[in-house]
Amino acid sequence: GDLNTSTHVGYQLMMNYAFGHPESSVFLTPYGPSVSFINHNVTSANTKLQWAEPKHEWLSQTVEWLEKNTTGAQLSFDVIATRDIMPGEEVFLDYGDSWQNRWD
């Protein structure tokens with residue numbers, strides 16, 4: 001059937017701000033009070049992402065395992081400043097070439 005245009009647009013917008021990796025089938029959608037205040041900028045990036053628990057058991061599991069054995073959100077990442085950020089300065093993250101190439 002036809003995909004509802006507003007549903008398709010909403011889905012695409014969500015996909016633009018989710019995190020994945022080409023070598024993984026895990027797809028993460030961030031949420032929290034600060035997520036909407038971090039914007040993309042390659043040349044002015046002043047933050048990076050880092051797993052809160054780099055050795056978390058879930059990071060080595062398959063999507064099938066996660067679906068069967070987990071409930072709720074337990075994976076998280078930290079936003080780490082890569083330099084001092086001044087009061088009132090915008091917070092930027094380089095979303096990566098793959099994200100940028102899809103917009104260009």
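The values are calculated or read from the model by the stated rules, or taken from the named source; none is laboratory data. Bear in mind that the values here come from a model prediction, so they are computed numbers and not experimental data. Counting neighbours? That spans all protein chains shown, and the Cβs are built from the backbone with ideal geometry, glycine included. Just the protein is used for accessible areas: all its heavy atoms, side chains included, with ligands, DNA and RNA removed. Shrake-Rupley method; radii C 1.70, N 1.55, O 1.52, S 1.80 Å.
Some notes on this structure:
- Within segment 75-84, the residues that satisfy the criterion of being assigned to a loop (DSSP other than H, G, I, E, B), open to solvent by 60 Å² or more (accessible area, probe 1.4 Å) and either of a type outside the set (S, T, N, Q) or at pLDDT below 85 (or both) are Arg83, Asp84.
- Look at segment 85-100: where a residue is in contact (Cβ under 8 Å) with a residue 40 or more places away in the chain and a partner is surrounded by fewer than 16 Cβ atoms within 10 Å (Cβ to Cβ) and among the small types (Gly, Ala, Ser), sitting 6+ places away or on another chain with Cβ atoms under 6 Å, you get Phe92/Ser44.
- Residues that are polar (S, T, N, Q), at pLDDT below 75 and open to solvent by 70 Å² or more (accessible area, probe 1.4 Å) are absent from segment 39-46.
- For segment 52-74, a tally of residues being of a type in the set (Val, Ile, Thr), under 18 Å from Glu23 (Cα atoms) and in a loop (DSSP other than H, G, I, E, B) returns 1.
- Selection of first residues in segment 49-74 that are open to solvent by less than 100 Å² (accessible area, probe 1.4 Å) and of second residues that are at pLDDT 80 or above and of a type in the set (D, E, K, R), restricted to Cβ pairs under 8 Å at least 6 apart or on distinct chains, gives the following pairs, ordered by first then second residue: Leu49/Asp78; Gln50/Asp78; Trp51/Asp78; Ala52/Asp78.
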